[in-house]
Amino acid sequence: MQLTLVVLAAGMGSRYGGLKQVDPMGPSGETVLDYSVHDAIRAGFDRVLFIIRRDFEAEFRAVVGARFAGRVQVDYVFQALDALPEGHVLPAGRTKPWGTGHAVWCAREALNGPFAVVNADDFYGAGSFERLATFLRAAGAAKAHPPEFAMVGFALANTLSEHGAVSRGVCAVGADGVLQGIEEHTGILATEVGVGSDKKYAPEVTVSMNCWGFTADFLPMLDARWRAFLAINGTAEKTEFYLPFAVNDLLTAGEVSVHVLPTADQWFGVTYREDKPRVQAAIAALVAAGAYPSPLNT
(Lines give C-alpha, C1' and ligand atoms only; values in the text may rest on other atoms or scores of the structure.)
Protein backbone atom coordinates (compact mmCIF):
# COMPACT_ATOMS: atom_id res chain seq x y z
CA MET A 1 0.00 0.00 0.00
CA GLN A 2 1.53 3.29 -1.09
CA LEU A 3 1.40 6.10 1.47
CA THR A 4 1.56 9.63 0.07
CA LEU A 5 2.66 12.70 1.96
CA VAL A 6 0.85 15.74 0.55
CA VAL A 7 2.77 18.92 1.32
CA LEU A 8 0.96 22.27 1.18
CA ALA A 9 3.68 24.52 -0.18
CA ALA A 10 1.86 27.13 -2.24
CA GLY A 11 1.87 29.85 0.44
CA MET A 12 4.47 32.57 0.73
CA GLY A 13 3.96 33.56 4.38
CA SER A 14 2.89 37.19 4.28
CA ARG A 15 3.82 38.01 7.88
CA TYR A 16 7.19 36.26 7.64
CA GLY A 17 8.15 37.52 4.19
CA GLY A 18 9.76 35.49 1.42
CA LEU A 19 9.56 31.86 0.42
CA LYS A 20 10.08 30.41 3.89
CA GLN A 21 9.69 26.85 2.61
CA VAL A 22 13.29 27.07 1.34
CA ASP A 23 14.75 29.05 4.24
CA PRO A 24 17.57 27.12 6.00
CA MET A 25 16.76 26.11 9.58
CA GLY A 26 18.99 23.11 10.33
CA PRO A 27 22.69 23.17 11.33
CA SER A 28 23.75 22.19 7.81
CA GLY A 29 21.28 24.36 5.94
CA GLU A 30 18.31 22.00 6.07
CA THR A 31 14.81 23.41 5.66
CA VAL A 32 11.96 22.53 8.01
CA LEU A 33 10.51 20.56 5.12
CA ASP A 34 13.67 18.43 4.90
CA TYR A 35 12.95 17.16 8.40
CA SER A 36 9.30 16.44 7.65
CA VAL A 37 10.15 14.40 4.57
CA HIS A 38 12.93 12.64 6.48
CA ASP A 39 10.50 11.70 9.26
CA ALA A 40 7.84 10.64 6.74
CA ILE A 41 10.23 8.32 4.90
CA ARG A 42 11.33 6.74 8.18
CA ALA A 43 7.66 6.20 9.07
CA GLY A 44 6.98 4.39 5.78
CA PHE A 45 5.72 7.03 3.36
CA ASP A 46 7.06 6.26 -0.10
CA ARG A 47 5.74 9.22 -2.10
CA VAL A 48 5.76 13.00 -1.62
CA LEU A 49 3.30 15.18 -3.51
CA PHE A 50 4.12 18.88 -3.37
CA ILE A 51 1.34 21.39 -4.00
CA ILE A 52 3.03 24.54 -5.26
CA ARG A 53 2.47 27.55 -7.50
CA ARG A 54 3.89 27.75 -10.98
CA ASP A 55 5.56 31.12 -10.36
CA PHE A 56 8.16 29.58 -8.03
CA GLU A 57 8.25 26.08 -9.54
CA ALA A 58 11.85 26.28 -10.76
CA GLU A 59 13.19 27.54 -7.42
CA PHE A 60 11.22 24.99 -5.44
CA ARG A 61 12.26 22.06 -7.62
CA ALA A 62 15.92 23.08 -7.48
CA VAL A 63 16.17 23.96 -3.79
CA VAL A 64 13.66 21.53 -2.25
CA GLY A 65 12.51 18.78 -4.58
CA ALA A 66 16.00 17.91 -5.81
CA ARG A 67 17.03 17.01 -2.26
CA PHE A 68 14.83 13.92 -2.34
CA ALA A 69 15.65 12.58 -5.80
CA GLY A 70 16.35 8.86 -5.62
CA ARG A 71 15.11 8.60 -2.02
CA VAL A 72 11.36 8.82 -2.48
CA GLN A 73 8.92 9.29 -5.36
CA VAL A 74 8.41 13.04 -5.82
CA ASP A 75 5.50 14.55 -7.74
CA TYR A 76 4.06 18.04 -8.14
CA VAL A 77 0.64 19.57 -8.64
CA PHE A 78 -0.18 23.24 -8.97
CA GLN A 79 -2.64 25.38 -7.07
CA ALA A 80 -3.95 28.18 -9.27
CA LEU A 81 -6.62 30.80 -8.68
CA ASP A 82 -8.47 29.79 -11.84
CA ALA A 83 -8.49 26.08 -11.00
CA LEU A 84 -12.25 25.82 -10.51
CA PRO A 85 -15.00 23.30 -11.25
CA GLU A 86 -16.77 23.57 -14.57
CA GLY A 87 -19.32 26.36 -14.55
CA HIS A 88 -17.35 28.63 -12.22
CA VAL A 89 -15.11 31.53 -13.23
CA LEU A 90 -12.54 33.50 -11.28
CA PRO A 91 -13.98 36.74 -9.85
CA ALA A 92 -12.48 39.75 -11.58
CA GLY A 93 -10.97 41.20 -8.39
CA ARG A 94 -9.77 37.94 -6.85
CA THR A 95 -6.04 37.83 -6.07
CA LYS A 96 -6.09 35.96 -2.76
CA PRO A 97 -5.54 32.16 -2.81
CA TRP A 98 -8.63 30.03 -2.22
CA GLY A 99 -7.16 28.25 0.83
CA THR A 100 -5.89 24.87 1.99
CA GLY A 101 -9.08 23.00 1.12
CA HIS A 102 -8.76 24.21 -2.45
CA ALA A 103 -5.10 23.16 -2.49
CA VAL A 104 -5.96 19.55 -1.67
CA TRP A 105 -8.84 19.68 -4.18
CA CYS A 106 -6.29 20.65 -6.85
CA ALA A 107 -4.40 17.43 -6.06
CA ARG A 108 -7.42 15.12 -6.24
CA GLU A 109 -6.52 13.52 -9.57
CA ALA A 110 -3.03 12.70 -8.31
CA LEU A 111 -4.33 10.76 -5.29
CA ASN A 112 -5.88 7.30 -5.25
CA GLY A 113 -4.90 5.87 -1.87
CA PRO A 114 -4.19 6.83 1.75
CA PHE A 115 -2.46 10.17 2.20
CA ALA A 116 -1.36 12.61 4.87
CA VAL A 117 -1.53 16.39 4.56
CA VAL A 118 0.95 18.74 6.23
CA ASN A 119 2.13 22.34 5.90
CA ALA A 120 5.51 22.80 4.21
CA ASP A 121 6.80 25.23 6.82
CA ASP A 122 5.76 23.44 10.02
CA PHE A 123 7.90 21.05 12.07
CA TYR A 124 5.67 18.29 13.42
CA GLY A 125 8.11 15.79 14.94
CA ALA A 126 8.83 12.16 14.08
CA GLY A 127 6.03 10.85 16.28
CA SER A 128 3.39 12.65 14.21
CA PHE A 129 4.38 10.84 11.02
CA GLU A 130 4.69 7.50 12.78
CA ARG A 131 1.14 7.82 14.12
CA LEU A 132 -0.22 8.90 10.74
CA ALA A 133 1.49 6.04 8.91
CA THR A 134 0.16 3.47 11.36
CA PHE A 135 -3.35 4.87 11.10
CA LEU A 136 -3.34 5.12 7.31
CA ARG A 137 -2.18 1.54 6.80
CA ALA A 138 -5.10 0.31 8.91
CA ALA A 139 -7.66 2.74 7.48
CA GLY A 140 -6.63 2.03 3.91
CA ALA A 141 -7.25 -1.67 4.42
CA ALA A 142 -10.42 -1.39 6.53
CA LYS A 143 -12.71 0.48 4.10
CA ALA A 144 -14.84 1.71 7.01
CA HIS A 145 -18.30 3.22 6.58
CA PRO A 146 -18.60 6.01 7.40
CA PRO A 147 -14.99 6.70 6.39
CA GLU A 148 -12.45 7.14 9.16
CA PHE A 149 -9.82 9.84 8.99
CA ALA A 150 -7.25 11.18 11.47
CA MET A 151 -5.79 14.39 12.81
CA VAL A 152 -2.63 14.74 14.88
CA GLY A 153 -3.60 16.80 17.93
CA PHE A 154 -1.08 19.12 19.55
CA ALA A 155 -1.24 20.74 22.98
CA LEU A 156 -1.85 24.45 22.52
CA ALA A 157 1.09 25.34 24.78
CA ASN A 158 3.41 23.54 22.35
CA THR A 159 2.36 25.65 19.35
CA LEU A 160 2.75 29.29 20.39
CA SER A 161 4.94 32.17 19.27
CA GLU A 162 6.65 34.58 21.64
CA HIS A 163 6.54 37.28 19.00
CA GLY A 164 2.86 37.79 18.35
CA ALA A 165 -0.63 36.36 18.23
CA VAL A 166 -1.49 33.12 16.43
CA SER A 167 -4.66 31.54 15.10
CA ARG A 168 -5.43 27.96 16.10
CA GLY A 169 -8.18 25.47 15.42
CA VAL A 170 -9.30 24.54 18.95
CA CYS A 171 -10.66 21.01 19.01
CA ALA A 172 -13.43 19.34 20.98
CA VAL A 173 -12.41 15.73 21.52
CA GLY A 174 -14.67 13.01 22.94
CA ALA A 175 -13.64 10.56 25.63
CA ASP A 176 -13.22 7.99 22.86
CA GLY A 177 -10.58 10.13 21.18
CA VAL A 178 -12.84 11.06 18.27
CA LEU A 179 -12.96 14.64 17.05
CA GLN A 180 -16.28 16.34 17.73
CA GLY A 181 -15.57 19.72 16.14
CA ILE A 182 -13.04 22.46 15.42
CA GLU A 183 -13.48 26.13 16.22
CA GLU A 184 -11.08 28.71 14.86
CA HIS A 185 -9.64 31.03 17.51
CA THR A 186 -7.67 34.08 16.38
CA GLY A 187 -5.34 36.42 18.24
CA ILE A 188 -4.08 33.86 20.79
CA LEU A 189 -1.15 35.25 22.78
CA ALA A 190 1.36 33.15 24.71
CA THR A 191 0.55 35.19 27.83
CA GLU A 192 -3.08 33.97 27.65
CA VAL A 193 -2.14 30.28 27.93
CA GLY A 194 -1.45 28.66 31.27
CA VAL A 195 -2.90 27.66 34.61
CA GLY A 196 -4.89 30.14 36.69
CA SER A 197 -8.02 32.24 36.64
CA ASP A 198 -6.25 34.99 34.70
CA LYS A 199 -5.53 32.66 31.76
CA LYS A 200 -7.88 32.32 28.82
CA TYR A 201 -6.66 28.93 27.58
CA ALA A 202 -5.47 25.79 29.32
CA PRO A 203 -2.06 24.65 28.05
CA GLU A 204 -3.28 21.13 27.28
CA VAL A 205 -6.12 22.23 24.97
CA THR A 206 -5.95 20.20 21.75
CA VAL A 207 -5.40 22.19 18.57
CA SER A 208 -5.16 21.30 14.91
CA MET A 209 -1.96 22.25 13.10
CA ASN A 210 -3.04 20.98 9.67
CA CYS A 211 -1.57 17.50 10.14
CA TRP A 212 -4.16 15.11 8.68
CA GLY A 213 -4.59 11.54 7.52
CA PHE A 214 -7.19 10.69 4.85
CA THR A 215 -8.22 7.83 2.64
CA ALA A 216 -9.27 8.37 -0.96
CA ASP A 217 -12.89 8.46 0.28
CA PHE A 218 -12.23 12.03 1.36
CA LEU A 219 -11.72 13.34 -2.18
CA PRO A 220 -15.32 13.22 -3.49
CA MET A 221 -16.49 14.60 -0.15
CA LEU A 222 -14.04 17.50 -0.46
CA ASP A 223 -15.22 18.11 -4.00
CA ALA A 224 -18.83 18.36 -2.82
CA ARG A 225 -17.89 20.76 -0.03
CA TRP A 226 -15.82 22.90 -2.40
CA ARG A 227 -18.72 23.19 -4.84
CA ALA A 228 -21.07 24.10 -1.99
CA PHE A 229 -18.59 26.75 -0.86
CA LEU A 230 -18.42 28.24 -4.35
CA ALA A 231 -22.20 28.32 -4.62
CA ILE A 232 -22.18 30.79 -1.73
CA ASN A 233 -18.75 32.43 -1.98
CA GLY A 234 -17.85 32.03 -5.64
CA THR A 235 -17.84 35.78 -6.30
CA ALA A 236 -15.98 36.72 -3.09
CA GLU A 237 -12.57 38.37 -3.36
CA LYS A 238 -11.08 37.17 -0.07
CA THR A 239 -13.12 34.36 1.54
CA GLU A 240 -11.05 31.13 1.78
CA PHE A 241 -11.95 27.45 1.76
CA TYR A 242 -9.95 25.97 4.62
CA LEU A 243 -9.32 22.25 5.00
CA PRO A 244 -10.33 22.14 8.71
CA PHE A 245 -13.62 23.86 7.85
CA ALA A 246 -14.39 21.19 5.26
CA VAL A 247 -13.63 18.44 7.79
CA ASN A 248 -15.75 20.17 10.41
CA ASP A 249 -18.69 20.31 7.99
CA LEU A 250 -18.37 16.59 7.34
CA LEU A 251 -18.27 15.90 11.08
CA THR A 252 -21.35 18.02 11.69
CA ALA A 253 -23.21 16.16 8.96
CA GLY A 254 -22.19 12.81 10.48
CA GLU A 255 -20.55 11.72 7.22
CA VAL A 256 -17.13 10.85 8.68
CA SER A 257 -15.30 9.92 11.86
CA VAL A 258 -11.99 11.63 12.66
CA HIS A 259 -9.63 10.07 15.19
CA VAL A 260 -7.42 12.45 17.13
CA LEU A 261 -3.86 11.12 17.39
CA PRO A 262 -2.42 12.95 20.40
CA THR A 263 1.25 13.89 20.43
CA ALA A 264 3.48 15.40 23.06
CA ASP A 265 5.87 16.63 20.35
CA GLN A 266 6.72 20.30 20.21
CA TRP A 267 5.46 22.00 17.08
CA PHE A 268 7.86 24.50 15.54
CA GLY A 269 6.89 27.09 12.99
CA VAL A 270 8.04 30.45 11.73
CA THR A 271 4.94 32.59 11.96
CA TYR A 272 7.04 35.74 12.36
CA ARG A 273 10.61 36.33 11.18
CA GLU A 274 11.62 36.72 14.83
CA ASP A 275 10.65 33.06 15.39
CA LYS A 276 13.51 31.82 13.20
CA PRO A 277 16.29 31.76 15.86
CA ARG A 278 14.06 29.78 18.23
CA VAL A 279 13.26 27.20 15.56
CA GLN A 280 16.92 26.92 14.60
CA ALA A 281 17.89 26.41 18.25
CA ALA A 282 15.19 23.79 18.78
CA ILE A 283 16.26 21.79 15.73
CA ALA A 284 19.92 22.08 16.73
CA ALA A 285 19.02 20.64 20.14
CA LEU A 286 17.29 17.66 18.50
CA VAL A 287 20.34 17.07 16.31
CA ALA A 288 22.63 17.29 19.35
CA ALA A 289 20.43 14.76 21.16
CA GLY A 290 20.82 12.29 18.29
CA ALA A 291 17.26 12.55 16.91
CA TYR A 292 18.61 13.58 13.50
CA PRO A 293 21.97 13.27 11.75
CA SER A 294 23.82 16.33 10.53
CA PRO A 295 23.95 16.81 7.66
CA LEU A 296 20.51 15.30 7.27
CA ASN A 297 20.42 12.16 5.18
CA THR A 298 16.87 11.27 4.25
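The values are calculated or read from the model by the stated rules, or taken from the named source; none is laboratory data. These figures come from a predicted structure and were not determined experimentally. Note that each Cβ is placed from the backbone with ideal geometry, even for glycine, and that neighbours are counted across all protein chains shown.
Tabulated data
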{"read-out": "Test result for A150, part of a strand (DSSP E or B), closer than 20 Å to Y242 by Cβ, touching a residue at least 24 places away in the same chain (Cβ under 8 Å) and in contact with a His (Cβ under 7 Å, 6 or more places away or on another chain)", "value": "yes"}
{"read-out": "Some residue of the stretch 209-232 being in contact with a Cys (Cβ under 7 Å, 6 or more places away or on another chain) and under 18 Å from F149 (Cβ atoms)", "value": "no"}
{"read-out": "Test: residue in the stretch 107-118 that is outside any loop (DSSP other than H, G, I, E, B), at pLDDT 95 or above, crowded, with 20+ Cβ neighbours inside 10 Å and of a type in the set (G, A, S)", "value": "yes"}
{"read-out": "Restricting the stretch 169-224 to residues that are part of a loop (DSSP other than H, G, I, E, B) and within 18 Å of the chain's Cα centre (by Cα), the residue that is nearest to S257 (Cα to Cα)", "value": "T215"}
{"read-out": "Tally of residues being at pLDDT below 95, part of a helix (DSSP H, G or I) and not small (G, A, S) across the stretch 39-62", "value": "7"}
{"read-out": "Residue within the stretch 64-86 that is touching a Pro at 6+ places or on another chain (Cβ under 8 Å) and over 28 Å from T206 (Cα atoms) present", "value": "yes"}
{"read-out": "Residue list for the stretch 211-240, restricted to those being of a type in the set (K, R) and either without any contact (Cβ under 8 Å) to a residue 60 or more places away in the chain or exposed (fewer than 15 other Cβ atoms within 10 Å of the Cβ) (or both)", "value": "K238"}
{"read-out": "Single unsatisfied condition, Y76 versus (1) crowded, with 17+ Cβ neighbours inside 10 Å; (2) out of contact with any Ser or Thr (no Cβ under 8 Å at 6 or more places or on another chain); (3) modelled with pLDDT under 95; (4) not in a loop (DSSP other than H, G, I, E, B)", "value": "(3)"}
{"read-out": "Residue satisfying condition, being modelled with pLDDT of 95 or more and of a type in the set (A, V, I, L, M, F, W, C), within set V256, V270, V279", "value": "V256"}
{"read-out": "Options E184, E162, E192; residue that is touching a Lys or Arg at 6+ places or on another chain (Cβ under 8 Å), farther than 16 Å from Y242 by Cα, charged (D, E, K, R) and touching a residue at least 60 places away in the same chain (Cβ under 8 Å)", "value": "E162"}
